[in-house]
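> Below are the structure tokens for one structure; questions will follow.
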Amino acid sequence: MYGVVVSNRGSTSAVFHDVRIATVGNNHPSGEDIEIVTVPPGLYFVASNAVTGGSAWGRPVLVTDESAFFPLTFARKYDVTTIRFRDQLGTPWQWRPTDGLVEVAPEAGRETAARP
């Protein structure tokens, strides 16, 4: 089984919102993004459904045993290309391998979504 491990751990972990993870690999060369409404602190696995068809990705499952995973961090065929999310203050962010983490302009129609 292949998939993506989503980690929101650390000494300052917060809850992230509207998480979108763009990937390439399997039968989805520029496929559907992984979309998660809310990511609380923890470690999650999102299975690829490339073999079974239907939606490209399963739902996030809390990981209780990390030793079951073998990363493909150096495989050119599989990659995370972009991660977009809003932090606990509603600020939108984007991560790309080339740029690192940068604050981005709000998406159209989401400027006021879930702001405190």
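> For region 83-95, give me each residue that is modelled with pLDDT under 95 and surrounded by 14 or more Cβ atoms within 10 Å (Cβ to Cβ).
Listed by number, the list holds a single entry, Gly90.
> In this structure, is Thr12 at pLDDT 90 or above, exposed (fewer than 10 other Cβ atoms within 10 Å of the Cβ) and in a loop (DSSP other than H, G, I, E, B)? Lay out the reasoning, then the answer.
Working: at pLDDT 90 or above: no; exposed (fewer than 10 other Cβ atoms within 10 Å of the Cβ): yes; in a loop (DSSP other than H, G, I, E, B): yes.
The answer is no for Thr12.
> Check Lys77 against each of (1) among the basic types (Lys, Arg); (2) within 24 Å of Arg9 (Cα to Cα); (3) part of a loop (DSSP other than H, G, I, E, B); (4) at pLDDT 70 or above and name the one condition it does not meet.
(2)
> Follow-up. Report every pair of residues separated by at least 6 positions or lying on different chains whose Cβ atoms are under 6 Å apart, first residue within region 70-85 and within 10 Å of Pro97 (Cα to Cα), second modelled with pLDDT of 75 or more and of a type in the set (D, E, K, R).
Sorted first by the residue in region 70-85, then by its partner, the pairs are Thr82/Arg96.
The values are calculated or read from the model by the stated rules, or taken from the named source; none is laboratory data. None of these values were measured; they are calculated from a predicted model. Heads up, the Cβs are rebuilt from the backbone with ideal geometry, glycines too, and the neighbour counts pull from every protein chain shown.
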